[in-house]
Every structure is written in structure tokens, then in C-alpha cells.
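The values are calculated or read from the model by the stated rules, or taken from the named source; none is laboratory data. This one's a predicted model, so the numbers in the text were calculated from it and none came from an experiment. Here the Cβ positions follow ideal geometry from the backbone for every residue, glycine too, while neighbour counts run over all protein chains shown. For the accessible areas, the whole protein counts, side chains as well, though only heavy atoms, and no ligand, DNA or RNA atoms are used. Shrake-Rupley method; radii C 1.70, N 1.55, O 1.52, S 1.80 Å.
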Amino acid sequence: MSAPGPDRDGREPAASEAARAIEAAGTDEREWAAWTAPGEWPEPALPEGPVLVLAAHPDDEVLGFGGTAARLAAERREVHVLTATDGEASHPGSRVLPPEALARARRRELAEALDALGVDRRTRHRLALADTRVGAHETVLARTVAELLRSTGAGLCVAPWRGDLHADHEAVGRAARTAAASVGVPLWQYPVWMWHWAVPEDARVPWTRCHRLPLSAAQQARKRAAVRRFRTQTAPLPDHPAVILPPEELAHHQRDFETVIVETDLS
């Protein structure tokens, strides 16, 4: 993850609104666990062919879809991962890990995490767009995603949810929607920050399009192992004592299922 950035036009109010929502005290995982609705969500059928998983920052794909990616890899399904940024803005002002060093660290962490999930090193792709500024490159990103969907023969595109209240996540989600529509590939979107700022029955969330992907004990273990690789995000830095992904935030992503919002109209 990284700090919220401006929206696609560079307007700061969107970033400020997102920052307030993300920096505020979030919804406790116990409240989500007590909500019975997810037990009724259908399980979507995984289409045939390779799967392309998109992420705004190194760790998004693991938090939102890591368990299912591990399942696909174990089934010897081809899993392609495209990471839009190197996440160099997650610790602004740090002298311990300035942006270039942080980008290198996060690339290493992602490589280790994808190894833990079993994702083939030959199917990993990197764009190195500016962290917090993905919206400024949305057209290029959509074109790149469409080209990758075609070249890999992907039968499914998976991306961050375009309503996640994080400018980069939303930009990747919108670009994925544009690309999937142009190629004619189904699109699933996974929430990341939504579990923090939303509450059960929240009117801002399209619950009727939510589906659940059950995870076996082995898939959960692989996902936990992958998440542990993101040391810059799960532990404090000497000059950044606030942890990006503290235990209460990670709890949202350590369930025995993952959630995707299935796009039903890509016209």
C-alpha cells in the first residue's frame, strides 16, 4: 500500500477525503466477522485460461487475491501479475528508506511474496509508474493492460476495486475496466482499503455484486507467508513509527475466503 494520491485530474480534495477515511479509526474485524451476509455470497467460477492480476502497489495483489493466486499456481494455472508502481511513496520523508531505496526494497519483498505463493517468475510484469500518480497515466495503463490480456490469452482480469477510496487503486480499477471491456474479458475487482473505511451494509459498496472465494488451510498459509515478506509495510521504520499494515488492518485480509466484486456490465 501507499499513501492516497490525487484523483485522475490531480484534484487534491479527492486525496484529502481518501486520506481522512483511511487514516481514521477503521472498522474492527470482529464487526465484519459477526456479519452473516458474506456467508450467502456466491462463489464465482474461475474462467479457463491464464489469469492477469493487477496491483497499484507491491502487496495489493497479495492482500486482495493472494490466496486464490496460490490456488491457481498450485493447479498449474498461468498467473500473470502486473504491478503499476514500486510503492516508493509509502513512507514520505524517510531518510532510512528514501524513495529509490524503498522502491528497491518493495520490489524485493514482492518477489519473495510471489515466490511464497508459487507464482512463476516469468509471468511477472512491472510498469514503474509514479506512486500516488497512477491516475495521470490511466490511458497508457489501460492500453498496456489490454495488450497484456491479448498477448497472454488471459481468460480473466483481476484488479483493485475502482471504489476503494485510494486514488491509485481506483485508477488501476478503472483502467482494468476499460481494458477488459475492449478485449472482452471478464473482470473481478478486489477491495483493499474498503474493509477499513466501510461498515456492514454500507451503501457505498455494491454488495449485490460481491462473491466469495473460499481458501483452504494450505492457501491461507501461503498467503500469510507471502504477507510476512512485506517487512516495510508490516513493521515500523526508525523514522516512521506508524506501521502501514498493523495487525488490525491485516486481520481483514487473513480470512478463510477472499472477496471479489464481479463486474456485470462492461459495455
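Remark: relative contact order (the chain) = 28 percent; criterion is Cα-Cα distance under 8 angstrom and separation of 6 or more residues.
On the accessible surface of segment 135-243, probed at 1.4 Å, how many percent belong to carbon and sulfur atoms?
On the way: 2300 of 4240 Å².
The nonpolar share, carbon plus sulfur, comes to 54 percent.
Comparing Thr123, Thr85, Thr208 in a Gaussian network model of the chain, where Cα atoms under 10 Å apart are tied by springs, the biggest mean-square fluctuation is seen for Thr208.
When the helices of the chain are scored as -39500 (n - 2.57) per DSSP H run of n ≥ 4 and the total is divided over every residue, the value at 222 nm lands at -12000 deg cm²/dmol.
With the radius of gyration and the Kirkwood radius both derived from the Cα set of segment 106-257, what is their ratio Rg to Rh? Intermediate results must be reported in sequence, preceding the final value.
Working: Rg = 16.4 Å, Rh = 17.2 Å.
Radius of gyration relative to Kirkwood radius: 0.95.
Backbone N atoms of segment 107-121 closer than 13 Å to the 7 Å Cα→Cβ label point of Ala218 belong to residues 118. Once C-alpha pairs closer than 8 Å and six or more residues apart are averaged by separation and normalised to the residue number of segment 193-267, the relative contact order reads 45 percent. Separation of segment 61-134 from segment 21-37 is 26 Å, based on Cα centroids.
In square angstrom, what is the accessible area per residue of segment 141-243 with a 1.4 angstrom probe? Display every interim value, and only then the final one.
Details: 3900 Å² over 103 residues.
Heavy-atom accessible area per residue stands at 38 Å².
What does the accessible area per residue of segment 55-137 come to in Å², with a 1.4 Å probe and no ligands, DNA or RNA counted? Present the calculation step by step, with values, prior to reporting the outcome.
Values: 3360 Å² over 83 residues.
Per-residue accessible area for segment 55-137 comes out at 40 Å².
Accessible surface ranking for Thr83, Thr36, 1.4 angstrom probe, highest first: Thr36, Thr83.
Determine, for each peptide in 59-71, 87-99, 174-186, the mean count of other beta carbons within 10 angstrom over its residues, then list the peptides with the highest first. Walk me through the numbers on the way to the answer.
Numbers: 59-71: 28.2, 87-99: 18.5, 174-186: 20.3.
Put in order of decreasing packing, that is 59-71, 174-186, 87-99.
Taken over the Cα atoms of the chain, the convex hull encloses 117 Å³ per residue.
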